[in-house]
Every structure is written in structure tokens, then in C-alpha cells.
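The structure under discussion appears below in the form of C-alpha cells.
What follows is calculated from the coordinates using simple rules that are stated; it is not laboratory data. Keep in mind that this is a model prediction, so the values were computed, not measured. Positions of Cβ are generated from backbone atoms using ideal geometry, with glycine treated the same way; all protein chains shown enter the neighbour counts.
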Amino acid sequence: MEISKLSISGLLQIVPRRFPDARGFFSELYNSRVFEEAGIADAFVQENFSRSSKVGTVRGLHFQMPPHAQAKLVRVSRGRLFDVALDLRRSSATFGQHVSLELSAENGHQFYIPAGFAHGFCTLEPDTEIVYKVSSYYAPQAEGGILWSDPALKIDWPVTPQSATVSEKDERLPLLKDAPPIF
């Protein structure tokens, strides 16, 4: 497994090795010892699966507030997506900045996002499936989010707000400047 630090402290890109043969390939996706050696000490307690039928489906930017804050380990099992982590840590020099990666079933890359970040994505292929582990159980009372299309974030989404498929709930999320301090 190749684990690389990204431009914002705490974010990691994980590239599992693939061992191909005539049948396909084998890949180790998670190894707690390897993750601990890379500084990932989170115990993942829940795994989630989401399928988006349409290209241009946007979900996020979501997070859970303390004490239910979640670290995430994100991968794509089918299709391709543009994945974003937004730094919400007020004490961080990179507060309000983001990192984006393209994750796909083909490239097999994973994105580790610690607590203190909002997460969202946009599908780039139909029927894209995302699978992600989280370090805290889902708590509806701790749900939060930032509007994905907030121009102050300067995220270069691969879709316009007019052409995106977004839930009503996500369309009502606040701008970053209007969100209370969370982390």
C-alpha cells in the first residue's frame, strides 16, 4: 500500500497494490497495522454505501459535529467521482481550503479524511458507487454541512449548479461564512 500526504495536514491518499493474474486481481484495501504506521489511529465502526444513478450527482459537503465527528476512509467500487475534503478546523492554517481527488473503481485509490473536515463528491459516470468507513456511528442530531457550491470555497466542481443533481436538503446548507464554529 502506498500512502501519501496531501497538501492539507491530515489528508491522505491511499493506493492499494493490485496483484493481477488471468482471473483479475487481488488487492488489500485495509490493514490496521499499515494504517497505524501511517498515523491513522481511527477505529472504523461503520461502513456506508451510496449509489448515484446520474452523472453530475452531488452529495455533500457533509460532516458530523463533535462528539460524533467522523474520520472517513473513502473508495469507489463502481464508476468514477470527483471527491472533496474541506478543512473546517478553525485553528488550522488551511481552514476553508480543500483538496479534491478523482477516485474510481479503475484506479482503486482511497481518500482518508480525518475528523474536522466536510466531505462531498460529484459523480463522473452513471451508476457510481461509493463505499466508505467511518470512525463514529451516524448520529442524526450531529449532522451538519456546508453548501457545496459556495463560491468562496473556490472548488472547481465538474458540474455547474444549474446542471447538478442535488438533494433539497443539500441545497439548503449554509455558506461557510454563515456556519458556526464547529471544530
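Here is the tail figure for the range 56-153: Cα pairs spaced more than 24 Å apart come to 19 percent of all pairs. Summary value for the chain: 29 percent relative contact order, contacts being C-alpha pairs under 8 angstrom separated by 6+ residues. Rounded to the nearest 0.05, the FRET efficiency derived from the C-beta distance between SER92 and SER167 at R0 = 22 Å is 0.20. The HN-Hα couplings worked out from phi for the range 6-22 by the Karplus form 6.51 cos²θ - 1.76 cosθ + 1.60 (θ = phi - 60°) are 9, 5, 10, 3, x, 7, 9, 9, 10, 10, x, 6, 10, 10, x, 8, 4 Hz, whole numbers, x standing for Gly and Pro. Relative intensity of the chain on a log10 scale, I(q)/I(0) at q = 0.16, 0.19 Å⁻¹, equals -0.99, -1.41, per a Debye sum over C-alpha point scatterers of equal strength in the absence of solvent. All other residues whose Cβ lies under 10 angstrom from that of LEU61 are scored, Lys and Arg at +1 and Asp and Glu at -1, for a net of -1. Taken over the range 55-99, the convex hull of the Cα atoms encloses 97 Å³ per residue. Could you pull out the longest piece of the chain with no exposed loop trypsin sites (Lys or Arg not before Pro) in it, calling a site exposed if DSSP puts it outside H, G, I, E, B and it has at most 10 other Cβ atoms within 10 Å? The answer is 24-153.
Between LYS154 and PHE49, the contour length at 0.36 nm per residue exceeds the Cα-Cα span by 35.0 nm. All other residues whose Cβ lies under 10 angstrom from that of HIS109 are scored, Lys and Arg at +1 and Asp and Glu at -1, for a net of -3. For LYS5, the lysines whose Cα comes closer than 27 Å to its Cα, not counting residues fewer than 8 places off in the same chain, are LYS72, LYS133, LYS154.
Just how large is the dipole of the range 43-183 about the Cα centre, in debye to the nearest 20, putting +1 at every Lys and Arg Cβ and -1 at every Asp and Glu Cβ?
That gives a dipole near 240 debye.
The Cβ shell under 14 Å around ARG80 holds other residues with a net charge of -2, Lys and Arg each +1, Asp and Glu each -1.
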